[in-house]
1. Could you check Leu46 against (1) without any contact (Cβ under 8 Å) to a residue 40 or more places away in the chain; (2) farther than 20 Å from Cys19 by Cα; (3) open to solvent by 50 Å² or more (accessible area, probe 1.4 Å); (4) not aromatic (Phe, Trp, Tyr) and say which number it fails?
2. It is to be established whether one or more residues within region 95-102 are open to solvent by 90 Å² or more (accessible area, probe 1.4 Å) and not in a helix (DSSP H, G or I).
3. Does Leu14 fit the bill of being open to solvent by 40 Å² or more (accessible area, probe 1.4 Å), part of a helix (DSSP H, G or I), among the hydrophobic types (A, V, I, L, M, F, W, C) and touching a residue at least 40 places away in the same chain (Cβ under 8 Å)?
4. From (1) modelled with pLDDT of 85 or more; (2) of a type in the set (D, E, K, R); (3) under 21 Å from Ile86 (Cβ atoms), pick out the condition that doesn't hold for Asp27.
5. Looking only at region 59-67, decide whether some residue is in a loop (DSSP other than H, G, I, E, B), within 17 Å of Thr122 (Cβ to Cβ) and among the small types (Gly, Ala, Ser).
Amino acid sequence: MIIKIIRSCLIGLLIGLSCSYVLITIDAVTNPDAVLNGGNLLEQLLIAAAMGIAIGFVTLIFDTAFFSLPVQLLIHLSFVTLCVFIGGIVGSWFSDFSSFLLVFLNELIIYALVWFFILLTTKREVDEINEYLQSRKRIK
């Protein structure tokens, strides 16, 4: 179980850092006058790392059979939104209401992309398992 927790947290960390890098790059390209010094970059890196690890940890909720999938998704999305809100406050992402909305729009886009990737990966794995089972049936 400890290995599963570490694995989930590391995957969350990598996704968090990747998303953070993409968002910082997009911000730098769309706002060329913005200045990002080493201290600010380190702060954003640490926020993204903490959020990624926390979100990776809460992703373990999908390994439980205690809640139905829709409830699990709602809990997970709520936790991700809470993390983004806290990260936004700590990282000063909210300068006005439009920036507030933009941050949460980015969250929803990233959430949808990550879940779409997971859905495709899961479907591929299920198809491989089904193919293997079908081949075993033909052999018998």
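1. Unmet condition: (2).
2. yes
3. Criteria not met by Leu14.
4. Evaluating Asp27 over (1) modelled with pLDDT of 85 or more; (2) of a type in the set (D, E, K, R); (3) under 21 Å from Ile86 (Cβ atoms) leaves (1) as the failure.
5. Yes, there is a match, as at least one residue in region 59-67 is in a loop (DSSP other than H, G, I, E, B), within 17 Å of Thr122 (Cβ to Cβ) and among the small types (Gly, Ala, Ser).
The values are calculated or read from the model by the stated rules, or taken from the named source; none is laboratory data. Source: prediction; values computed, not measured. Cβ: placed from backbone, ideal geometry, glycine included. Neighbour counts: every protein chain shown. What goes into the accessible areas is simple: the full protein's heavy atoms, side chains included, and nothing from ligands, DNA or RNA. Shrake-Rupley method; radii C 1.70, N 1.55, O 1.52, S 1.80 Å.
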